[in-house]
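The values are calculated or read from the model by the stated rules, or taken from the named source; none is laboratory data. Owing to the predicted nature of the structure, the values given are computational and were not obtained by experimental measurement. So basically every Cβ, Gly included, is an ideal-geometry build from the backbone, and we count neighbours across all protein chains shown.
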């Protein structure tokens, strides 16, 4: 029996801004190739320098959507000693979830199910990048008055940056929706012997 967690969608976002941020919307439409109106909507993507394949390779897009949790964003802001909070919109996340303090630990294959019938599958943890760390440094101030280091976000969000994944079933996701998270567990028959 797979573990189920009930959480809430606080906000939903899409867009293709130059600063990597996304606009908040009342709802987003997800299709099998990604989120309508979003920069990451596609079945494929080009690799980047630190990717699994050589730079410039066209590969399957495992990053059709991204999600962060309220609790992890608060922890990151605390670690960075920020005056305010980090927002999902400024991070370019599509979903902000409340009630899932260890969102970043969800394993590959975990399913997010929504009232409309939309379903998303987790592909992997979303590591923080240097460009986003510089953007966050430019947006925030510390409580102590010190300048925010351009590497502070990358260090603070190393294990709490959220997850990315693909669309399993199309539908609408609304801000305020309840989301059922079915946490993937390796079946007993597969786990009984080592490879």
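Summary of computed values
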item: Test: residue in segment 163-171 that is assigned to a loop (DSSP other than H, G, I, E, B) and surrounded by 18 or more Cβ atoms within 10 Å (Cβ to Cβ); result: no
item: The one condition in (1) more than 27 Å from residue 115 (Cβ to Cβ); (2) at pLDDT 90 or above; (3) not in a loop (DSSP other than H, G, I, E, B) that residue 189 fails to fulfil; result: (2)
item: Residue match in segment 30-38 (condition: assigned to a strand (DSSP E or B) and surrounded by fewer than 17 Cβ atoms within 10 Å (Cβ to Cβ)); result: yes
item: Hits in segment 3-29 - residues which are surrounded by 18 or more Cβ atoms within 10 Å (Cβ to Cβ) and either part of a loop (DSSP other than H, G, I, E, B) or modelled with pLDDT under 95 (or both); result: 21, 22
item: Selection within segment 84-105 - surrounded by fewer than 16 Cβ atoms within 10 Å (Cβ to Cβ) and out of contact with any helix residue (DSSP H, G or I) (no Cβ under 9 Å at 6 or more places or on another chain); result: 105
item: Odd one out for residue 68 among (1) surrounded by 17 or more Cβ atoms within 10 Å (Cβ to Cβ); (2) at pLDDT 95 or above; (3) outside any strand (DSSP E or B); result: (3)
item: Residue among 108, 146 that is at pLDDT below 95, over 11 Å from the mean Cα position of the chain (by Cα) and surrounded by fewer than 17 Cβ atoms within 10 Å (Cβ to Cβ); result: 146
